[in-house]
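Student: Here it is, the structure in full.
FYI, it's all coordinate maths here, none of it is from the lab. No experiment lies behind these values; they were computed from the predicted model shown. Positions of Cβ are backbone-derived with ideal geometry, glycine not excepted, and every protein chain shown enters the neighbour counts.
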Amino acid sequence: MEMPIPSDDRIARKSELMSRLRAALPAECVIDDPMETRAYECDALSAYRCPPLGVVLPYTTEQVAAALRICNDLDIPVVPRGAGTSLAGGSLPTADSIILGVARMNDVLDTDYANRIIRVQTGRTNLSVTGAVETDGFFYAPDPSSQLACAIAGNIAMNSGGAHCLKYGVTSNNLMGVRLVTMQGDILDIGGAHLDAAGLDLLGVICGSEGQLGIVTEATLRIIHKPEGALPVLIGFDSNEVAGTCVSDIIRAGVLPVAIEFMDRPCIRATEDFAKAGYPDCEALLIIEVEGSPLEIEEQLEKIIAIAKTHKPVEVRRATDTAEAARIWLGRKSAFGAMGQINDYMCLDGTIPVSQLPYVLRRIGEMSREFGLDVGNVFHAGDGNMHPLILYNANEDGQLELCEKFGAEILKLCVEVGGCLTGEHGVGIEKRDLMDHQFAPADLEAQMAIKDVFDHRWLLNPAKVFPLAASASRRDQGV
Ligand SMILES: Cc1cc2nc3c(=O)[nH]c(=O)nc-3n(C[C@H](O)[C@H](O)[C@H](O)COP(=O)(O)OP(=O)(O)OC[C@H]3O[C@@H](n4cnc5c(N)ncnc54)[C@H](O)[C@@H]3O)c2cc1C
């Protein structure tokens, strides 16, 4: 993975930078001891690492603005960070940049049940947003599998999704407003506690902008009434393709489950050893959850099971109570950890039209044999958001590069069948150099022109999202 050469001039300004930051912020907010900054040298794409010049962890929006003004003044790049769980290298620092993390900014600022809204500082973790409202019967719908750790900041920057987004949508569908600090230290309020906003829809630009346009410090989020009940059914199949066809048929039939999750044999096997969820011995399984009143649940599950039966499932296991439901979900929720126990892996993230699932699953199997690397599939099948996990040995020379090549081919396949390079993990550094497979030069130019407006010297989150060649002149000379 190529990264730009760090600027010696910027590195030489480190002591001036640190003393100005320390003068402006409380002492504990500024870290430059290499032992402590080590924790920030990578995110969850841990194959790539680089220690930053320093780390700033403010408590308030005003402190974020003060830090950005200083960095802007000294021409120091800034990498925004939430919890560092990005799988795309989105919060990877460069040696001449600082990390600006919002982890200390985790307060609930306002809860408004009458209007179904919560306002939080963006360092708050995803799960603790629901934690703040669940005793009153509400929840925050987007549910990344990393929700215990990841912050709303990163969710907004990556437009994160999760298992239950088939019904409720991703972050952009549940985000109403943000407070954003620009690289120049200006504080902007975009959107708010109302369904639509006057003026240009800048919120749509900010959500998913991967830390390229500003630092989001506060968010107004939609909260939803908890459904009366929810139950999953687990359905096992004797091939990946048949399971994929079943997903496509369910969606075509107009049933809208809250989640349709897919796991193939390598993931099922690893998960069984790890979590012992009692999954059947089969090639692929689907976990399909529906919700509503007992009558609605009954009706939807009947339809789904009838469709599944046309595909000769090897097992249909319907949860009848919450204990059984939790057991069905246990394996799926443990899948990433379970795979990590048996091998190094790279987790890809691409989206395809649901109807292409059978073809793409077959092609991934064929490509796995061509590249000589095993793949496990565990993903949000209902919305076509695939997560092939390519297994490799990080200690063997050349394996990472082979894995990257294989990953690139899978993502190109997603684009070829009418899908997209990203589903929910964002572009980061991981897919940066594949962007020109998805976008024509004029498309990329339009996106980069938006960054010019917010961050005209290209100091925010350098070398992410845009192919290095396409962004070189802007990064090197400013605009
Ligand atoms: C085991 C595991 C499972 C996962 N499952 C899912 C899943 O189901 N769905 C999903 O969508 N993702 C998933 N992810 C990926 C990851 O958790 C999400 O991308 C998440 O939203 C990142 O949040 P974070 O707070 O950790 O952000 P970080 O990793 O800190 O940063 C992510 C990006 O956001 C930018 N950013 C961070 N804070 C700010 C800010 N305040 N203002 C502007 N930009 C900012 C960063 O610069 C970076 O580009 C998973 C990750 C792991 C490790």
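Student: Taking θ as phi - 60°, what are the ³J(HN,Hα) couplings along the stretch 441-456 by the Karplus curve (6.51, -1.76, 1.60), each to the nearest whole Hz, with x for Gly and Pro?
Tutor: Calculated HN-Hα couplings, in order: x, 5, 5, 5, 4, 5, 5, 5, 5, 5, 4, 3, 5, 7, 9, 5 Hz.
Student: Now for a separate question. Considering only C-alpha atoms, what is the centroid distance from the stretch 326-364 to the stretch 429-479, in Å?
Tutor: The distance from the Cα centre of the stretch 326-364 to that of the stretch 429-479 comes to 30 Å.
Student: Another one. Apply the Karplus parameterisation 6.51 cos²θ - 1.76 cosθ + 1.60, with θ equal to phi minus 60°, to every residue of the stretch 422-434 and state each ³J(HN,Hα) to the nearest whole Hz, in sequence, with x for glycine and proline.
Tutor: Karplus values, whole Hz, x for Gly and Pro: 10, x, 8, 8, x, 9, x, 8, 4, 10, 3, 7, 9.
Student: Now for a different question. Name the shape class, rounded, prolate or oblate, that the alpha-carbon gyration tensor gives for the stretch 33-107, where a ≥ b ≥ c are the square roots of its eigenvalues, rounded holds for a/c under 1.5, and otherwise prolate holds if a/b is larger than b/c and oblate otherwise. Don't jump to the answer; show the numbers that get you there.
Tutor: On the way: a/c = 1.86, a/b = 1.32, b/c = 1.42.
Verdict is oblate for the stretch 33-107.
Student: Given labels modelled 7 Å from the Cα in the Cβ direction, how far is it in nm from Lys309 to Ala442?
Tutor: With each label placed 7 Å out from Cα toward Cβ, I get 5.4 nm.
Student: Quick one: Karplus J couplings for the stretch 316-333, per residue in order, coefficients 6.51, -1.76, 1.60, θ = phi - 60°, nearest Hz, x for Gly and Pro?
Tutor: 10, 10, 9, 6, 10, 9, 5, 5, 5, 4, 5, 5, 5, 6, 3, x, 4, 6
Student: Report the gain in length on full extension from Leu468 to Val453: 0.36 nm times residue separation, minus Cα-Cα distance, nm rounded to one decimal.
Tutor: Values: separation 15, 0.36 × 15 = 5.40 nm, distance 1.92 nm.
Contour length minus Cα-Cα distance gives 3.5 nm.
Student: Separation between the Met3 and Ala323 pseudo-spin-labels, each 7 Å from Cα along Cα→Cβ, expressed in nm?
Tutor: Reported label-point gap for Met3 and Ala323 is 5.0 nm.
Student: Follow-up. Antiparallel versus total DSSP beta bridges in the stretch 8-101: what percent is that, nearest 5?
Tutor: In the stretch 8-101, DSSP labels about 20 percent of beta bridges as antiparallel.
Student: Now a separate question. Points 7 angstrom from Cα along the Cβ direction at Asp189 and Arg104: gap in nanometres?
Tutor: It works out to 2.5 nm between the two label points.
Student: Next question. What is the extension gain from Leu200 to Glu401, computed as 0.36 nm multiplied by their sequence separation minus the C-alpha to C-alpha distance, in nm to one decimal?
Tutor: 68.1 nm
Student: How much length is gained on full extension from Arg369 to Ala114, taking 0.36 nm per residue of separation minus their Cα-Cα distance?
Tutor: Extra length from Arg369 to Ala114 when fully extended: 86.2 nm.
Student: Label the stretch 237-311 by shape, choosing from rounded, prolate and oblate, from the square roots a ≥ b ≥ c of the eigenvalues of the Cα gyration tensor; if a/c is under 1.5 it is rounded, and otherwise prolate applies when a/b is larger than b/c, oblate when it is not.
Tutor: Details: a/c = 2.52, a/b = 1.53, b/c = 1.65.
Taking the square roots of the gyration eigenvalues as a ≥ b ≥ c, the stretch 237-311 is oblate.
Student: Shifting gears a bit: Looking at the calculated P(r) for the chain, what percent of the C-alpha pair distances fall above 44 Å?
Tutor: Here the long-distance tail beyond 44 Å is 13 percent of all Cα pairs in the chain.
Student: If amide H atoms are built 1.01 Å from N in the plane of the peptide, which residues on other chains or at least 5 residues away come under 5 Å of the amide H of Gly54?
Tutor: The answer is Ile99.
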